[in-house]
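Presented below is the structure to which this report refers.
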């Protein structure tokens, strides 16, 4: 047998297999919405105990529990193939279907984080309809996580620890062993004479979690043997605090939202205290699917960008822009999308209809409405070409002096992120019509002349739509 597979004999302990079964069943009754489960099976102690105990519940229960297991081979250890073989063999013995898959780990964002991301992608991809994922995290994992997050300066959400359940894709992830100590899991494994694999990298204290597990927490337990119970109470209190914070954020968000979910009132944000403002900003951006900002960046957005008259904050995948009393969350990918319109090829230029709509690929549409004596002379439409802002343009709109396009767009309150996208209508080299703004004196329809009003419906560049 592979030396990385441990076999321990039963010892007299204060736990019993039946007690663990009872705790597991109670947790499933509280958490689960189905009786179809996919068990994440690494081959280690935690997942092996979970698999075996679930098989026992399946065999003893009359509610028709259905089980599958998923083993993910990260291909990072010399013994990885032996672990995979062990998991497959164990599932055959217990009469459980086992799916085994290999993943390639990118080390670009750190080995631990990359492996975790790869695992959860496989979990989500393997889950069937009406099937929930079970993982074997236990209370000692929770204690390690709490200590690590405290060291890293987490807030109430981080200090709430590992959640017992959460959404995963179209299904849910459950951790039914989270209130059970590792000691009890080991006692169960010894009593049932279970085999499991030992990942020797878990002894490497160069990893923070291993250092907490093997050095820090044993010292804490030596001084305070009941620390798990007291820390578990702190986890509950932190979870309750986080729930209240989220409720407050939802109330505040309802007050500050403007014309859409991606736009909020700058004035109403600034009325809030700094902690409350940061809280609702975090909640707002999360609701739009934005990647979470760290403490320093969130503070910069709240305390430096928002108070500015026209602040801009650029983050990964999105931008937050202040303009005319509102705060906009914009999608960076949409902002950077190239305009699919070749203004250098006159033959390829779309022709403007006297009435109706003209789609501008990737840039919204123009709406044209016939009006006598208003807008541009209808007989001039066929001469117009569409261009975009280049800089230095001027135009003399009806009833106004000649001004630069920059000043006209600013006075017309066109948002800055749309100014390079607004379709400008030219008669030869003369800027003649700015949709939604006005027409030049030379081409304006007057009196009873047939005319056209041209409006631009811009593309939706807002985040979360």
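The values are calculated or read from the model by the stated rules, or taken from the named source; none is laboratory data. The shown structure was predicted, so the numbers you read here are calculated from the model rather than taken from an experiment. Ideal geometry is used to build each Cβ from the backbone, glycine not excepted, and the neighbour counts take in all protein chains shown.
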Residues being in contact (Cβ under 8 Å) with a residue 24 or more places away in the chain and either exposed (fewer than 13 other Cβ atoms within 10 Å of the Cβ) or assigned to a loop (DSSP other than H, G, I, E, B) (or both) - total across segment 380-398: 6
Breaking point among (1) assigned to a helix (DSSP H, G or I); (2) without any contact (Cβ under 8 Å) to a residue 40 or more places away in the chain; (3) under 27 Å from the mean Cα position of the chain (by Cα), for residue 106: (1)
Suppose we keep only residues that are without any contact (Cβ under 8 Å) to a residue 24 or more places away in the chain and exposed (fewer than 13 other Cβ atoms within 10 Å of the Cβ) within segment 400-427. Which one would you say is nearest to the chain's Cα centre (by Cα)? 411
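So, in segment 184-227, how many residues would count as being closer than 17 Å to residue 19 by Cβ and under 35 Å from the mean Cα position of the chain (by Cα)?
1
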Filter segment 131-160 down to residues that are at pLDDT 95 or above and part of a loop (DSSP other than H, G, I, E, B) and give me whichever is farthest from residue 275 (Cα to Cα). 131
Please tell me if residue 210 is assigned by TED's automatic domain parsing to the domain that holds residue 31 and under 29 Å from residue 37 (Cα atoms). no
Of these, 215, 187, which one is in a helix (DSSP H, G or I) and touching a residue at least 12 places away in the same chain (Cβ under 8 Å)? 187
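One line per residue, one yes/no per condition, for (1) closer than 30 Å to residue 88 by Cβ; (2) in the same structural domain as residue 38 (by TED's automatic domain parsing); (3) crowded, with 17+ Cβ neighbours inside 10 Å; (4) touching a helix residue (DSSP H, G or I) at 6+ places or on another chain (Cβ under 7 Å):
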site: 166; (1), (2), (3), (4): yes, yes, no, no
site: 170; (1), (2), (3), (4): yes, yes, no, no
site: 176; (1), (2), (3), (4): yes, yes, yes, yes
site: 184; (1), (2), (3), (4): yes, yes, yes, yes
site: 190; (1), (2), (3), (4): yes, yes, yes, no
site: 204; (1), (2), (3), (4): yes, yes, no, yes
Criterion: part of a loop (DSSP other than H, G, I, E, B) and either touching a helix residue (DSSP H, G or I) at 6+ places or on another chain (Cβ under 9 Å) or assigned by TED's automatic domain parsing to the domain that holds residue 153 (or both) - qualifying residue of 253, 293, 281, 298: 293
Please give the number of the condition residue 83 fails out of (1) closer than 27 Å to residue 34 by Cα; (2) in contact (Cβ under 8 Å) with a residue 40 or more places away in the chain; (3) in contact with a strand residue (DSSP E or B) (Cβ under 8 Å, 6 or more places away or on another chain); (4) crowded, with 18+ Cβ neighbours inside 10 Å. (1)
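Condition check ((1) part of a helix (DSSP H, G or I); (2) farther than 30 Å from residue 106 by Cα; (3) not assigned by TED's automatic domain parsing to the domain that holds residue 119) across all residues:
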{"site": "14", "(1), (2), (3)": "no, yes, no"}
{"site": "26", "(1), (2), (3)": "yes, yes, no"}
{"site": "30", "(1), (2), (3)": "yes, yes, no"}
{"site": "48", "(1), (2), (3)": "yes, no, no"}
{"site": "51", "(1), (2), (3)": "yes, no, no"}
{"site": "56", "(1), (2), (3)": "yes, yes, no"}
{"site": "64", "(1), (2), (3)": "no, yes, no"}
{"site": "68", "(1), (2), (3)": "no, no, no"}
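Considering each of 267, 222, 304 in turn, give the residue that is out of contact with any helix residue (DSSP H, G or I) (no Cβ under 7 Å at 6 or more places or on another chain), assigned to a helix (DSSP H, G or I), assigned by TED's automatic domain parsing to the domain that holds residue 142 and farther than 24 Å from residue 162 by Cβ. Walk me through how you get there before you give the answer.
Numbers: 267 fails: assigned by TED's automatic domain parsing to the domain that holds residue 142; 304 fails: assigned by TED's automatic domain parsing to the domain that holds residue 142.
Of 267, 222, 304, the one residue that is out of contact with any helix residue (DSSP H, G or I) (no Cβ under 7 Å at 6 or more places or on another chain), assigned to a helix (DSSP H, G or I), assigned by TED's automatic domain parsing to the domain that holds residue 142 and farther than 24 Å from residue 162 by Cβ is 222.
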Got at least one residue in segment 266-282 being touching a residue at least 12 places away in the same chain (Cβ under 8 Å), farther than 30 Å from residue 70 by Cα and touching a strand residue (DSSP E or B) at 6+ places or on another chain (Cβ under 7 Å)? yes
